[in-house]
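Data block below; observations after.
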Amino acid sequence: MDKPTELLPVDPSLVHIQSDVREHFDWNLSEDLSSARGLLEQVESYDIRPWERPQRAANVATVYRRLVLRETEVAILGAAVEPEEVEEILQRPSLLVAADGAAGVFSMLPGSTAERAWSRLICVVSDADGGGRYL
């Protein structure tokens, strides 16, 4: 890793899972790339300071520091995540990544637990295939 804004997978075989999913559903990589580029274009079309490229790079650097300063797990929350699962994850030193709208589960948690979940959320990932409602 040359710089703290370059996040590489812990295990490259985990990245290959997406290829298996694409193959299973007969999805094309170009559709994922097009969706990701569209999301980036949408973000960069707004004049919102926190969304500007330098700020995004600073945010990635902050996430990187949070990951390396102490032993930390990363839990990826999918659409079917249940409140009880989030509560269990929060018992460990884990940071959270929410896929698309999965962070909505936080609204089902008790107040202080929801606050802790939001404080551990390092990013929301999306391929923007949900249409305008996610943008």
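Readers should treat all values here as calculations from the given coordinates under stated rules, not as data from a laboratory. Only a predicted model underlies this, so the values are computations on that prediction, with no experimental measurement involved. A quick note on method: Cβ atoms are made from the backbone with ideal geometry, for glycine too, and the neighbour counts reach across all protein chains shown.
Observations on the structure shown:
- Positive-end extreme of charge dipole, the chain - chosen from GLN91, GLN55, HIS16 (charges on Cβ): GLN55
- Scanning residues 5 or more positions from LEU121 or on other chains, those with amide H under 5 Å from its amide H are LEU96, with H placed 1.01 Å from N in the peptide plane.
- Taking 0.36 nm per residue of sequence separation and removing the Cα-Cα distance, the LEU121/ASP20 pair yields an extension gain of 33.6 nm.
- Around LEU95: net Lys/Arg minus Asp/Glu count, Cβ-Cβ under 14 Å: +4
- Euclidean distance of C-alpha centroids, region 76-103 and region 19-34, integer Å: 25
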